[in-house]
Amino acid sequence: MTGTFFQRAAYRVRQFGWAVAAWWRRPSAAALEAARSVLPEAGWRVFSKMPAVDQTHALKVWADLRAAGYDDAALAQAALLHDAAKRMGGVTLPHRVAVVLIKAFAPERWNQLKAQPEPPRRSPLYPLWAHANHPLTGARLAGQVGCHPQAVELIRRHQDPLPPAAQMTAQDRLLAALQKADDEH
């Protein structure tokens, strides 16, 4: 997400409002059935256990990609499961708020947290570590549940910086589309 501090802050406030609203609005049966149709059975079980707010986010990301003309099964799987590891890491709404604040006011601390070894699951830092490392753990999870190898790679890289446009591969262009849709929701 680029822009001024105030633009980013306004975006995060809107994002928080969307998240709160999603607690009461569940995804439609049609949207869930569409997701089920592109995920392997074990991937569907992971998706179906995600909180409604995360399902809604993933479905919006996927809908944006389809609206932009992307009809790639691996990209669809990546869109639907890119944040699945957050739930498994115990990441809750207060943790997500803390992440936004840490990234905004102590980015060096965020990078340290991301680089540290996995803390014990009972540690109060574990959900923050899980959030920081969810691309890698999510990619492992996607591989374990039978997602397409390209989906696994997109999930692993979904928060990585992109190469310059002139050096982008086809995979990088899919990653750029995923990141754009993710940033918008």
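The values are calculated or read from the model by the stated rules, or taken from the named source; none is laboratory data. Source: prediction; values computed, not measured. Every residue, glycine as well, gets a Cβ built from its backbone with ideal geometry; the counts of neighbours run over all protein chains shown.
Among the residues of region 28-44, those identified as within 12 Å of Leu80 (Cα to Cα) and touching a residue at least 40 places away in the same chain (Cβ under 8 Å) are Ala35, Val38, Leu39, Pro40, Gly43. Out of everything in region 134-185 that is assigned to a loop (DSSP other than H, G, I, E, B) and without any contact (Cβ under 8 Å) to a residue 60 or more places away in the chain, what residue ends up being farthest from Ala84 (Cα to Cα)? Ranking the qualifying residues of region 134-185, first place goes to Pro164.
Evaluation of Val91 against the conditions (1) modelled with pLDDT under 95; (2) more than 25 Å from Val53 (Cα to Cα); (3) touching a helix residue (DSSP H, G or I) at 6+ places or on another chain (Cβ under 6 Å) shows that the sole unmet condition is (2).
Here is a yes/no grid of residues against (1) of a type in the set (S, T, N, Q); (2) under 19 Å from the mean Cα position of the chain (by Cα); (3) under 25 Å from Arg36 (Cβ atoms); (4) crowded, with 20+ Cβ neighbours inside 10 Å:
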{"position": "Pro117", "(1), (2), (3), (4)": "no, no, no, no"}
{"position": "Leu125", "(1), (2), (3), (4)": "no, no, no, no"}
{"position": "His131", "(1), (2), (3), (4)": "no, yes, no, yes"}
{"position": "Pro135", "(1), (2), (3), (4)": "no, yes, yes, no"}
{"position": "Cys147", "(1), (2), (3), (4)": "no, yes, yes, yes"}
{"position": "Gln150", "(1), (2), (3), (4)": "yes, yes, yes, no"}
{"position": "Gln159", "(1), (2), (3), (4)": "yes, yes, no, no"}
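Residues satisfying the criterion are absent from region 90-111 (criterion: acidic (Asp, Glu) and under 22 Å from Glu33 (Cα atoms)).
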